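To start, the structure under review is shown below, and the notes come after it.
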Amino acid sequence: MLTFSKRSNSPDPKRHLWVLGLIAPASALLPSQLVLHTGLPVFWWIGPIIIFIVIPVLDWVVGQDGNNPRDEDYELLSNDRYYRWCTFLFLPVQLIGLLIACAMWAGNELSLVDKLGLAATLGFVSGIGINAAHELGHRVEHAEQWLAKIALAQSGYGHFFVEHNKGHHARVATPDDPASARFGESLYEFLPRSVFGGLRSAIELERNRLRRKNHGWWSIHNHVLQAWSMTVVLFGTLLAVWGWTILPYLLLQAVLGAALLETVNYIEHYGLQRERRPNGRWARCSPRDSWNSDRLVTNIFLFHLQRHSDHHANPGRRYQTLRSSEESPQLPAGYATMILFAIFPPVWRHVMDARLLEHYDGDLGRANVLPRKRAKLLAAHGSDEEVQAAA
């Protein structure tokens, strides 16, 4: 049951919790101190430990959020700069953690396994940094858009700035969107399709935008090149200071960061498809076209990313104003737990396929189904009419 926030000093009962979102980048600062004070090298892997163990357990223990902002408080919350600073501060903490990690990768004090653990931790920070960039990149203010590109530098995923805003939001929950997973598609089938499809889309979208403005591809106005150049400058500076020995770890953490983002993409729209209008066009994105989860701990950790239905229905809303809707299909757990399920396709299918069928009242014709498995899935789950139509 959803409740609405009550007035006190702030209309937001979670106001002072949002700074805890900085635990994500701060996890890159923790390994050396935890290992030093405990003598346990497992803490070089603190990033995966937090994501795969701590957050799922806390989600289960703490439970649902259940608080939606009131309509009359929308403007007050939107204009409160405290919430912006919670995302702004993500960037310097993220950068400091990367600098510390580079110094450790370049040294001889750590074993190979320890360095890999540190790279995994930085990779998870990098992936969550893409979420901070996601929040900043949706804003119309130029300063926040530039900060979004800076946040994407560590992962080397700068084209996300263009593809997410201009591609994914336009095509979400349709077969045309590479970042919308299809019913019957495993995470490992989805990842290459989303990664390379998103890259191609970003380049095409930006080339068309530049052409409309009479600019060539090699222009200082190119958002993709701007973002990629920040990665080149960042990595080039780090390599100049610490040498080529850190390059494998830089690349590993970037790949892990991108993989974390794309796994979340897989979760957010699995099998969902927007309705078609009589003229054949897709209907406007509604809260029914994104999977939602309202677990309090992950809501704080990911700046309300789990209230994804409201984000797509109202992409201009800042994270503190996003609402959870009872109209939205609900995930059985928070994102951190769902990532674990997605890693194991049989577990994912067991958990999610029945929920998707329930969402569409058993009508697979309304779902976004993987084309090469359509006949098999209809035979297993479809009605007699759907099976005959597909035959």
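Tabulated data
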quantity	calculated
One residue from Val61, Val54, Val19, Val42 being surrounded by 15 or more Cβ atoms within 10 Å (Cβ to Cβ) and of a type outside the set (Gly, Ala, Ser)	Val54
Per-region count, region 30-66, residues within 21 Å of Gly334 (Cβ to Cβ), at pLDDT 90 or above and in a loop (DSSP other than H, G, I, E, B)	2
Candidate set from region 236-268 (those that are surrounded by 15 or more Cβ atoms within 10 Å (Cβ to Cβ) and of a type in the set (Gly, Ala, Ser)); member that is farthest from Ser155 (Cα to Cα)	Ala259
Candidate set from region 202-223 (those that are in contact with a helix residue (DSSP H, G or I) (Cβ under 7 Å, 6 or more places away or on another chain) and open to solvent by less than 10 Å² (accessible area, probe 1.4 Å)); member that is nearest to Leu260 (Cα to Cα)	Ala202
Residues of region 145-201 classified as at pLDDT below 95, aliphatic (A, V, I, L, M), farther than 18 Å from Gln273 by Cα and open to solvent by 10 Å² or more (accessible area, probe 1.4 Å), total	2
Residue in region 79-86 that is more than 26 Å from Gly167 (Cβ to Cβ) and not in a helix (DSSP H, G or I) present	yes
Region 64-115, residues that are among the hydrophobic types (A, V, I, L, M, F, W, C), under 24 Å from Val19 (Cα atoms), open to solvent by less than 40 Å² (accessible area, probe 1.4 Å) and in contact (Cβ under 8 Å) with a residue 60 or more places away in the chain	Leu77, Cys86, Phe90, Leu91, Val93, Leu98, Ala101
Cβ pairs under 6 Å, 6+ apart, first in region 142-169 and under 23 Å from His269 (Cα atoms), second at pLDDT below 90 and part of a loop (DSSP other than H, G, I, E, B)	His169/Pro315
Any hit, region 125-143, residues being among the β-branched types (Val, Ile, Thr), modelled with pLDDT of 95 or more and farther than 18 Å from Ala258 by Cβ	no
Qualifying residue in region 287-299 (condition: under 19 Å from Ser78 (Cβ atoms) and either not in a loop (DSSP other than H, G, I, E, B) or not basic (Lys, Arg) (or both))	yes
Failed item, numbered, when Asp176 is tested on (1) free of Cβ contacts under 8 Å to residues at least 40 places away in the same chain; (2) of a type in the set (Asp, Glu); (3) part of a helix (DSSP H, G or I)	(3)
Verdict on Phe161 being hydrophobic (A, V, I, L, M, F, W, C), in a helix (DSSP H, G or I) and touching a Lys or Arg at 6+ places or on another chain (Cβ under 7 Å)	yes
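The values are calculated or read from the model by the stated rules, or taken from the named source; none is laboratory data. Here the structure is a predicted model, which is why all the values come from computation and not from measurement. With ideal geometry, Cβ positions are generated from the backbone for all residues, glycine too; neighbour counts draw on all protein chains shown. Surface accessibility is based on the protein's heavy atoms, side chains included, excluding ligands, DNA and RNA. Shrake-Rupley method; radii C 1.70, N 1.55, O 1.52, S 1.80 Å.
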